[in-house]
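Here's the structure we're looking at; comments come further down.
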């Protein structure tokens, strides 16, 4: 699990520092970023690594993080408050990320998917207030 913890921290650091080389060493070949709002959209590994250079993160605070491991699969749930722009657009706010990590045959953990949901996206059509 320690290896996974370090790799999760390195994944955060790769985003904050715009380090595509570090990020590339943490991602599986079929990694994809899935953004869930306003509708699910998927960005390939190659595109995400290219766009990473255009992330400008000035604040990154992990509010909560929980890790669940089952064999060669791990789910890391995080709530992150960030101040950032991506490709010149403001992406500041609270995000929930669900990262699926897989242990490969070399024994290392690699991020397979990052599912990112903005926490301040507003009302979702069809949802009934509780």
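Every number in this text was worked out from the coordinates using simple rules, so none of it is lab data. Please read these numbers as outputs of a predicted model, since none were measured by experiment. Note: ideal-geometry Cβ built from the backbone for every residue, glycine included; neighbour counts use all protein chains shown.
For residue 25 and residue 58, a Förster radius of 30 Å and the Cβ-Cβ distance give a FRET efficiency of 0.75, rounded to the nearest 0.05. Using C-alpha pairs under 8 Å with a sequence gap of at least 6, the mean separation divided by the residue count of the range 2-118 gives a relative contact order of 25 percent. With only the Cα atoms considered, the chain has a convex hull volume of 120 Å³ per residue. Would the range 38-86 count as rounded, prolate or oblate if I go by the C-alpha gyration tensor, calling it rounded below 1.5 in a/c and otherwise prolate when a/b exceeds b/c, oblate otherwise? In terms of gyration-tensor shape, oblate. Computed over the chain with a Gaussian network model linking Cα atoms closer than 10 Å, the most mobile of 27, 49, 87 is 87.
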